[in-house]
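These notes are about the structure you will find just below.
The values are calculated or read from the model by the stated rules, or taken from the named source; none is laboratory data. A quick note: this is a predicted structure, and the numbers were derived from the prediction, not measured. Counting neighbours? That spans all protein chains shown, and the Cβs are built from the backbone with ideal geometry, glycine included.
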Amino acid sequence: MLKVVIILALSSAVFAQTPVKSCGKGQLLPKAVYFGGKESFCTKSPCVLKRGKTGITEVEFISPINSQSIMPKAKAKVFGMSIDLNLGVKAASACKFLKSGCPLEKGKPALFKLVKPVEKNAMTGTADVEYTLVGDDNQVIFCYKLKTVVV
């Protein structure tokens, strides 16, 4: 019996990740999302962002395309309105957020890590956020939705 409990505990630790939802429209979910970073990621919705602190998101994925470039995008849905979020990433430097850098190869695993400070004067409240990573010609590499709360 103890062996079963240990195996279940280990398997849930191995498969644990931040709970995310599909964006729909046939867009691919990433393999794993670690909102808060792999060391201390959010495991229950809504995920908390603290004003004046640094936000970390790590995303493991298999690239569905070959791409020389990437660009992360985010939209928040608040009070029924969709608002584009500024992630502070420029197209020329976006590849530095990939562990392996660019280019991406179709079918190959990759890790995207974004580290961004949360502004001290950011609006507090809950929002549904849609995160998308696009490649060449604005092709979607992955997309997921996550409920967040800024405190």
- Is there any pair with a first residue in the range 66-86 that is surrounded by 10 or more Cβ atoms within 10 Å (Cβ to Cβ) and a second that is part of a strand (DSSP E or B) and basic (K, R) whose Cβ atoms are under 7 Å apart and which are 6 or more apart or on different chains, and what are they? S82/K75; I83/K75; L85/K75
- Task: Consider P109 carefully, then state whether it is touching a residue at least 40 places away in the same chain (Cβ under 8 Å) and not β-branched (V, I, T).
- Result: yes
- Selection within the range 49-63 - farther than 25 Å from V134 by Cα and touching a Ser or Thr at 6+ places or on another chain (Cβ under 8 Å): R51
- Condition met for L114 (assigned to a strand (DSSP E or B) and either crowded, with 17+ Cβ neighbours inside 10 Å or modelled with pLDDT of 90 or more (or both)): yes
- Message: Let me spell it out: the conditions are (1) more than 18 Å from the chain's Cα centre (by Cα); (2) hydroxyl-bearing (S, T, Y); (3) surrounded by 12 or more Cβ atoms within 10 Å (Cβ to Cβ), and S100 meets all of them except one. Which number is the exception?
- Response: (1)
- Note on the structure: Counting only residues in the range 1-17 that are out of contact with any Ser or Thr (no Cβ under 7 Å at 6 or more places or on another chain) and not in a helix (DSSP H, G or I), the one modelled with the highest pLDDT is identified as Q17
- Task: Provide a single number: the residues in the range 22-32 that are assigned to a strand (DSSP E or B) and over 25 Å from G125 (Cα atoms).
- Result: 1
- Is it true that some residue in the range 42-52 is at pLDDT below 95, surrounded by fewer than 17 Cβ atoms within 10 Å (Cβ to Cβ) and touching an Asp or Glu at 6+ places or on another chain (Cβ under 6 Å)? no
- Task: Assess whether T132 counts as being of a type in the set (S, T, Y) and crowded, with 16+ Cβ neighbours inside 10 Å.
- Result: yes
- Residue list for the range 33-89, restricted to those being part of a loop (DSSP other than H, G, I, E, B), among the small types (G, A, S) and closer than 16 Å to V118 by Cβ: G36, G37, S40, G52, G88
